Amino acid sequence: MKITARHISIFVITAILLLSKSIIGQQNNYQLLAHPFKGGEKVTYRAVYNWGFIWINAGDVVFSVKDSLYNGVESYYLNSTGWSLKQYDWFYKVRDKFESIVSKDSLKPFWFIRNTYEGGNVVYNRYNFDYNSSKLLINSFTSDRPLKQEIITLKPNTYDVLSAIYYCRNIDFEKLSKDQKIPLTMAIDNEVFNLYIRYLGRETVTLHGGKTYSTFKFSAMLVRGTIFKGGEDLFVWVTDDKFHIPVLVEAKILVGSVKAILIE
């Protein structure tokens, strides 16, 4: 079973990149907050595998926000870096990095880079979001495929994997009804998916180690295959304060679950 930092990064968003293409979120009314984050924020998670009383630490991932300027537009530079713990490098070494520049006003991404190394497999994606022509310009290569350039249609309000995390943190959960769906359009692996998350209400959660948080909880659907069962088996808990920081993310897999736990 390969538990990677890429899994963690995606889990902390909504981890719904494994959804089937046919799933389309319902267009419900919902509201966004003023940004609950700002330049200088840094959040660290520990990835663990949990099965009953078994807890195995697998890796760490850090998310950070910096103020930036892109083509004269006030922006955020978003960064996520993940790595396997040293004791597992001999077995399955992971060194992952995700970067995105987004508008401070709308959180729309201008560009996105994924540069990942997982067990000897390299993946590189660069997306350039051209809003004037409604085109998404893609440059990508993998260990098994040379550099390829593609142009696909850019749908309105499309986010990359990283900017989607911060978009979801802006949702005003106070204004949602339990079980309400929120549409989310994401560019993933050279395709655009119409996805959704489902709000599940308030919940008090106690992390492994004893710390307790008051949170909003939502779920996302995972497609059956690889290590996942399928169905809405991914759950995210974010603080119910003004920061909406994800404190716990859990995805059920075929045996046990993978968790991303806030540590700093």
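The values are calculated or read from the model by the stated rules, or taken from the named source; none is laboratory data. Quantities reported herein were computed from a predicted structural model and do not represent experimental measurements. Here Cβ is always computed from backbone atoms with ideal geometry, including for glycine, and neighbour counts include all displayed protein chains.
Some points to look at:
- Note on segment 36-65: residues that are free of Cβ contacts under 8 Å to residues at least 12 places away in the same chain and part of a loop (DSSP other than H, G, I, E, B) total 1.
- Only residues that are at pLDDT below 90 and of a type in the set (Asp, Glu) were counted across segment 227-243, and they come to 2.
- Sole residue being of a type in the set (A, V, I, L, M), in contact with a Ser or Thr (Cβ under 8 Å, 6 or more places away or on another chain), part of a strand (DSSP E or B) and at pLDDT below 90, chosen from Leu195, Leu200: Leu195
For (1) touching a helix residue (DSSP H, G or I) at 6+ places or on another chain (Cβ under 8 Å); (2) assigned to a strand (DSSP E or B), each residue gets a yes or a no:
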residue	(1), (2)
Trp111	no, yes
Ser133	no, no
Ile138	no, yes
Leu162	yes, no
Tyr166	no, no
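- Pair list, Cβ < 6 Å and 6+ apart or interchain, from segment 113-125 residues that are closer than 14 Å to Arg145 by Cα to residues that are modelled with pLDDT of 90 or more and not in a strand (DSSP E or B): Asn121/Ser143; Val122/Ser143
- Looking only at segment 168-192, and only at residues there that are among the basic types (Lys, Arg) and assigned to a helix (DSSP H, G or I), the one that is surrounded by the fewest Cβ atoms within 10 Å (Cβ to Cβ): Lys175
- Residue check for Thr153: without any contact (Cβ under 8 Å) to a residue 40 or more places away in the chain, polar (S, T, N, Q), surrounded by fewer than 18 Cβ atoms within 10 Å (Cβ to Cβ) and under 30 Å from Asp89 (Cα atoms): no
- Close pairs from segment 211-228: first β-branched (Val, Ile, Thr), partner at pLDDT 90 or above and in a loop (DSSP other than H, G, I, E, B), Cβ under 9 Å, at least 6 apart: Thr215/Asp240
- Qualifying residue in segment 82-92 (condition: without any contact (Cβ under 8 Å) to a residue 60 or more places away in the chain and either in contact with a Leu (Cβ under 7 Å, 6 or more places away or on another chain) or assigned to a strand (DSSP E or B) (or both)): no
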